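Participant: Have a look at the structure that comes next, please.
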Amino acid sequence: MTLDGKCPTGPLSEKWDQHRQTMMLVNPANKRKYTIIVVGTGLAGASAAASLGELGYHIEAFCDQDSARRAHSIAAQGGINAAKNYPNDGDSIYRLFYDTVKGGDFRSREANVYRLASVSNNIIDQCVAQGIPFARDYAGYLDNRSFGGAQVSRTFYARGQTGQQLLLGAYSALSRQIKAGTVNLHTRAEMLDLVVVDGEAKGITVRDLVTGEVKGFAADAVCLCTGGYVNVFYLSTNAMGSNVTATYRAYKRGAFFANPCYTQIHPTCIPIAGAHQSKLTLMSESLRNDGRIWVPKDKDNKRRPEDIPEPDRDYFLERKYPSYGNLAPRDIASRAAKEVCDEGRGVGSGGRGVYLDFADAIKRLGTDVISQRYGNLFDMYEKITAEDAYRQPMRIYPAPHYSMGGLWVDYNLQSNLSGLFVLGEANFSDHGANRLGASALMQGLADGYFIIPYTIADYLSQTSPGTVNTGHPEFKKSAEDVHDITKRLLCVDGKKTVNDFHRELGSIMWENVGMARSEESLKRALELIPELRTEFWNNVKIPGTGAELNQELEKAARVADFLEFGELMARDALHRNESCGGHFRIEYQMSDGEAKRDDANYCYVAAWEFKGVDKKPVLHKEPLTFENVHLAVRSYK
Amino acid sequence: MNLTLFVWRQKNANDPGKIQEYKASDISPDMSFLEMLDQVNEGLIKTGKEPIAFDHDCREGICGTCSQVINGVPHGPMARTTVCQLHMRHFRDGDTIYIEPWRARAFPIVKDLIVDRSALDRIIEAGGYISAHTGGVADANAILIPKPDADIAMDAAECIGCGACVAACPNGSAMLFSAAKVTHLAMLPQGRTEAARRVCVMTEAMLKEGFGNCSNHYECQAACPKGIKVAFIAKLNREFIKAQIK
């Protein structure tokens, strides 16, 4: 089946405006009759729930954290892009659009990306109105900085805590609607199933994480804003609770999963310290504005960094990509770091690290300026490593960070299942095969504040409110399925912990479906993952019961889904016989090691349809057509 | 490293709860405090015992989920450090460590080290926001904000809502938490319009939720992992008095 992204026709810059003018509306008096479920309270979820609540819809919102303010968007550090062109350095909506399409290695939908770029400016206005304390200059104007993959300064920031500040803004808008009674928020509540009635999403099944009660919620539309899935690698920069369960279970109910193999490995994370490691910590990309990345020129160099003179250092990003230098896009910077470590030139214990050096910047600008810009990051680095980055270079190494893939959606952010909308990192639509820095925050808020309020009205205006309630047999069946999974998990009573399995899965994924993949490694993963899954269901040990707060049970259900999802990722990576963005197949590279795309055969979105746990999923393609951008070799040299 | 832990165990809100002793063996100094607890829990699970339940998520000191009183101090011995960012290198081999949940009237215990902090969310819901509708706002540079004001607003906005200030206060007061939000919004021109109403409704919500009063112990500031200053409490009081006179 060929999928239709339903992009409006007409000139690129007018598509969204024209579409807005033709979409149907819901009468203000009728809005309160419609119930919308919003799962997740990160940037996409909180902004969507707040904006839809303001419009007058009745919202049931859910998060698995104890407060909406703790969703993982909170951890984004560096900034948010917008095409304001305040610095007068040549930026424009078109340029932000082009950089994003190019950064995504020409695997995203043109119309979506242009819309994203064109609402980016509204986001900054909205955030300032909400009281987000963005950085300012002494005249009182907003300040900007540079991020990877761009030659203009278009990133707005709030110290090293931009995600926190933006999320608290969305959370405050959400809180206001909770007070107003339009949003009913359920905390410590995890969605464990999507309820589909006659091909339309009509509700979800939720487990109360404190009491263990399993309950259905019916609605006229469901928005999934549940983030990404890179915790499939076990070690990643995501929060411990980030998981694929909501989107994966929607996939099992018929929603297509698009481009699962597009995962982003972030170049600047703190290297692994030992086997006990439970997560990896990101150091913001903004550090690459002033830090220089290098390794020693010769192998197995045991000298301390300050004892290695300039001629013996290899500033490999500056050498390979003179025009972008240390600000090369994330996938390129990560692979370059892996390469030099594979050559045996890595630093730190285990040789899996490169230096990020601020000595030149400190000499040029002084310690105070550097501390003002990155103080909290330097502090965090010292807490974790006990090293002072003002005196010696940081050690960094790539780590899984973001998933560009996600549930397939059309231009209206609607899945192939009617009534199911997917926002933010949970969908696949805007970043292609690689996301540029400071674009995730932009997309989450664009979807929630400025896109879903329009597109969901168009859908709702064509459905009558309240047609299905939780008495419907599909709700009963869904609750039984959820209970069944819980029961099966608890009665295994094996010998290994959930973490043991998650760690093993992570190592299979990192080794075989990680930064560099090959036909051989992917086939190996497709053998190893089902074996591990079988072992999991025969040998996992979960203490306690399902009728209480049980953190091991929560984790087990999520890892059970990762054990199926990992296979889907490997299958997608194996089918895509090209390299693009975050998907690097070693068989497909240029003579200089750059990614080699195959536009003739793979210029499409791969959307997978679930057919059963041990059965092959069916591939559907959405061809990507580029009317405005010339498909070029992505060069940052 | 080998350690002796005394940990608060409580099955649910109705259980009286008690301290139990555990051994933590072969702990690496590079582990975070929570990774040390992970290791203890793995051992408990393998011997058929229930692991210690504790709240945690981002493990990089920003989400505000982790919440443990370590040797009597919320977030433990290191200044300006959340539990998840506390590393075992700050303890010594053979140490005895007491681990308890946040204790405050407004934070009922859910299980073991997990407490219910939704009272803090309800303070924000009462009015800890600027009532800006989505859409239809002015250009971001239309109102200039002096850098010093924006910086103070940001200092206050850094609060992660963990509740350590409440746990540290002998009165179980949420003044530092509320003052941070009041200050953040009151420092910005966009937030001035509602400043008087905001400080009143947030103060009222604090009392309703069962938080105590501030009597200037400054324990909150000492415990705050983000260095939020008690000067903001003075700002809250000033805003409150101004609102009363109006």
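The values are calculated or read from the model by the stated rules, or taken from the named source; none is laboratory data. From a predicted model like this one, the values you see are computed outputs, not experimental measurements. Virtual Cβ from ideal backbone geometry, glycine too; neighbours counted across all protein chains shown.
Participant: Does B:Asp149 count as among the acidic types (Asp, Glu), more than 8 Å from chain A (Cβ to nearest Cβ), outside any strand (DSSP E or B) and more than 23 Å from B:Ser215 (Cα to Cα)?
Facilitator: Spelling it out, B:Asp149 is indeed among the acidic types (Asp, Glu), more than 8 Å from chain A (Cβ to nearest Cβ), outside any strand (DSSP E or B) and more than 23 Å from B:Ser215 (Cα to Cα).
Participant: State all residues of the stretch A:174-184 that are of a type in the set (A, V, I, L, M, F, W, C) and within 7 Å of another protein chain (Cβ to nearest Cβ); if no residue qualifies, say none.
Facilitator: Scanning the stretch A:174-184 gives a single hit, A:Ile178.
Participant: Would you confirm, using the coordinates I've provided, whether B:Gln190 is surrounded by fewer than 24 Cβ atoms within 10 Å (Cβ to Cβ), part of a helix (DSSP H, G or I), away from chain A (no Cβ under 14 Å) and not hydrophobic (A, V, I, L, M, F, W, C)?
Facilitator: no
Participant: Only one of these is buried (at least 18 other Cβ atoms within 10 Å of the Cβ), over 22 Å from A:Ile508 (Cβ atoms), touching a residue at least 24 places away in the same chain (Cβ under 8 Å) and over 25 Å from the mean Cα position of the chain (by Cα): A:Leu549, A:Leu624. Name it.
Facilitator: The match here is A:Leu549.
Participant: For the stretch A:149-173, name all the residues that are touching a Phe, Trp or Tyr at 6+ places or on another chain (Cβ under 6 Å), facing another protein chain (nearest Cβ under 10 Å) and under 24 Å from A:Arg288 (Cα atoms).
Facilitator: Within the stretch A:149-173, A:Phe156, A:Ala158 meet the criteria.
Participant: To continue, here is another question. Does B:Cys214 qualify as being outside any helix (DSSP H, G or I) and within 14 Å of another protein chain (Cβ to nearest Cβ)?
Facilitator: It is false that B:Cys214 is outside any helix (DSSP H, G or I) and within 14 Å of another protein chain (Cβ to nearest Cβ).
Participant: Please give the number of the condition A:Asp300 fails out of (1) of a type in the set (Asp, Glu); (2) within 25 Å of A:Phe147 (Cβ to Cβ); (3) surrounded by fewer than 22 Cβ atoms within 10 Å (Cβ to Cβ).
Facilitator: Going through (1) of a type in the set (Asp, Glu); (2) within 25 Å of A:Phe147 (Cβ to Cβ); (3) surrounded by fewer than 22 Cβ atoms within 10 Å (Cβ to Cβ) one by one, A:Asp300 breaks only (2).
Participant: A further question follows. Can you find a residue in the stretch A:428-435 that is small (Gly, Ala, Ser), under 30 Å from A:Phe97 (Cα atoms) and part of a helix (DSSP H, G or I)?
Facilitator: Scanning the stretch A:428-435, I find no residue that is small (Gly, Ala, Ser), under 30 Å from A:Phe97 (Cα atoms) and part of a helix (DSSP H, G or I), so the answer is no.
Participant: Still on this structure, please answer the following. Specify the residue that is surrounded by the most Cβ atoms within 10 Å (Cβ to Cβ); the eligible residues are those in the stretch A:323-354 that are in contact with a helix residue (DSSP H, G or I) (Cβ under 6 Å, 6 or more places away or on another chain) and not in a helix (DSSP H, G or I).
Facilitator: Restricting to residues being in contact with a helix residue (DSSP H, G or I) (Cβ under 6 Å, 6 or more places away or on another chain) and not in a helix (DSSP H, G or I), the top hit is A:Val354.
Condition check ((1) touching an Asp or Glu at 6+ places or on another chain (Cβ under 6 Å); (2) facing another protein chain (nearest Cβ under 7 Å)) across all residues:
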site: B:Lys111; (1), (2): no, yes
site: B:Gly128; (1), (2): no, yes
site: B:Ile143; (1), (2): no, no
site: B:Ala157; (1), (2): no, yes
site: B:Cys162; (1), (2): no, no
site: B:Ala168; (1), (2): yes, no
site: B:Gly172; (1), (2): no, no
site: B:Ala180; (1), (2): no, no
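Participant: If you go through the stretch B:31-43, how many residues are more than 25 Å from A:Ile74 (Cα to Cα), without any contact (Cβ under 8 Å) to a residue 12 or more places away in the chain and within 8 Å of chain A (Cβ to nearest Cβ)?
Facilitator: The total comes to 1.
Participant: Tally up the residues in the stretch A:215-231 that are farther than 18 Å from A:Ala71 by Cα and surrounded by 21 or more Cβ atoms within 10 Å (Cβ to Cβ), please.
Facilitator: Here the count works out to 7.
Conditions (1) closer than 16 Å to A:Thr187 by Cβ; (2) modelled with pLDDT of 95 or more; (3) more than 7 Å from chain A (Cβ to nearest Cβ), marked per residue:
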{"position": "B:Val69", "(1), (2), (3)": "no, yes, yes"}
{"position": "B:Val73", "(1), (2), (3)": "no, yes, yes"}
{"position": "B:Met78", "(1), (2), (3)": "no, yes, yes"}
{"position": "B:Met88", "(1), (2), (3)": "no, yes, yes"}
{"position": "B:Phe91", "(1), (2), (3)": "no, yes, yes"}
{"position": "B:Ile124", "(1), (2), (3)": "yes, yes, no"}
{"position": "B:Ser131", "(1), (2), (3)": "no, yes, no"}
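Participant: Somewhere in the stretch A:84-103, is a residue in contact with a Lys or Arg (Cβ under 6 Å, 6 or more places away or on another chain), surrounded by 24 or more Cβ atoms within 10 Å (Cβ to Cβ) and closer than 21 Å to A:Phe450 by Cβ?
Facilitator: For the stretch A:84-103, residues in contact with a Lys or Arg (Cβ under 6 Å, 6 or more places away or on another chain), surrounded by 24 or more Cβ atoms within 10 Å (Cβ to Cβ) and closer than 21 Å to A:Phe450 by Cβ: absent.
Participant: Considering each residue of the stretch A:61-101, count those that are in a helix (DSSP H, G or I) and either of a type outside the set (Asp, Glu) or modelled with pLDDT under 95 (or both), and give that number.
Facilitator: Matching residues across the stretch A:61-101 total 15.
Participant: Is it true that A:Gly375 is closer than 24 Å to A:Thr281 by Cα, out of contact with any Ser or Thr (no Cβ under 8 Å at 6 or more places or on another chain) and not acidic (Asp, Glu)?
Facilitator: Criteria met by A:Gly375.
Participant: Report whether or not A:Pro400 is at pLDDT 95 or above and touching a helix residue (DSSP H, G or I) at 6+ places or on another chain (Cβ under 9 Å).
Facilitator: Taking the combined requirement at face value, the residue satisfies it.
Participant: So, one more: Would you confirm whether or not the stretch A:528-535 contains a residue that is outside any helix (DSSP H, G or I) and more than 14 Å from chain B (Cβ to nearest Cβ)?
Facilitator: There is no residue in the stretch A:528-535 that is outside any helix (DSSP H, G or I) and more than 14 Å from chain B (Cβ to nearest Cβ).
Participant: Looking only at the stretch B:213-222, decide whether some residue is surrounded by fewer than 24 Cβ atoms within 10 Å (Cβ to Cβ), within 23 Å of A:Pro133 (Cα to Cα) and touching a residue at least 12 places away in the same chain (Cβ under 8 Å).
Facilitator: Yes; the residues of the stretch B:213-222 include at least one that is surrounded by fewer than 24 Cβ atoms within 10 Å (Cβ to Cβ), within 23 Å of A:Pro133 (Cα to Cα) and touching a residue at least 12 places away in the same chain (Cβ under 8 Å).
Participant: I've got another one for you. For the stretch A:436-465, give me the residue count where each residue is in contact (Cβ under 8 Å) with a residue 12 or more places away in the chain, assigned to a loop (DSSP other than H, G, I, E, B) and out of contact with any Phe, Trp or Tyr (no Cβ under 8 Å at 6 or more places or on another chain).
Facilitator: Final tally of qualifying residues: 4.
Participant: From the list A:Leu235, A:Leu185, A:Leu209, A:Leu167, which one is within 16 Å of the chain's Cα centre (by Cα), surrounded by fewer than 24 Cβ atoms within 10 Å (Cβ to Cβ) and on the phi < 0 side of the Ramachandran plot?
Facilitator: Residue meeting the stated conditions: A:Leu235.
Participant: List pairs: first residue in the stretch A:478-498 and away from chain B (no Cβ under 14 Å), second residue hydroxyl-bearing (Ser, Thr, Tyr) anywhere in the structure, Cβ distance under 6 angstrom, at least six positions apart or on different chains.
Facilitator: Cβ pairs passing all conditions: A:Ser478/A:Thr205; A:Ala479/A:Thr205; A:Val482/A:Thr205.
Participant: Looking only at residues in the stretch B:201-212 that are out of contact with any strand residue (DSSP E or B) (no Cβ under 9 Å at 6 or more places or on another chain) and of a type in the set (Gly, Ala, Ser), which one is surrounded by the fewest Cβ atoms within 10 Å (Cβ to Cβ)?
Facilitator: Looking at residues that are out of contact with any strand residue (DSSP E or B) (no Cβ under 9 Å at 6 or more places or on another chain) and of a type in the set (Gly, Ala, Ser), I get B:Gly210.
Participant: Collect the residues in the stretch A:600-621 that are in contact (Cβ under 8 Å) with a residue 24 or more places away in the chain and surrounded by 14 or more Cβ atoms within 10 Å (Cβ to Cβ), keeping them in residue-number order.
Facilitator: The answer is A:Tyr602, A:Cys603, A:Val605, A:Ala606, A:Ala607, A:Trp608, A:Glu609, A:Phe610, A:Pro617, A:Leu619, A:His620, A:Lys621.
Residue-wise test of (1) surrounded by fewer than 20 Cβ atoms within 10 Å (Cβ to Cβ); (2) facing chain A (nearest Cβ under 9 Å); (3) not in a strand (DSSP E or B).
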{"residue": "B:Lys11", "(1), (2), (3)": "yes, yes, yes"}
{"residue": "B:Ile19", "(1), (2), (3)": "yes, no, no"}
{"residue": "B:Asp26", "(1), (2), (3)": "yes, no, yes"}
{"residue": "B:Lys49", "(1), (2), (3)": "yes, yes, yes"}
{"residue": "B:Ala53", "(1), (2), (3)": "no, yes, yes"}
{"residue": "B:Arg59", "(1), (2), (3)": "no, yes, yes"}
{"residue": "B:Ile62", "(1), (2), (3)": "no, yes, yes"}
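Participant: Identify all residues within the stretch A:299-309 that are assigned to a helix (DSSP H, G or I) and more than 38 Å from the chain's Cα centre (by Cα); write none if there are none.
Facilitator: Once the filter is applied, which keeps residues that are assigned to a helix (DSSP H, G or I) and more than 38 Å from the chain's Cα centre (by Cα), the stretch A:299-309 yields only A:Asp307.
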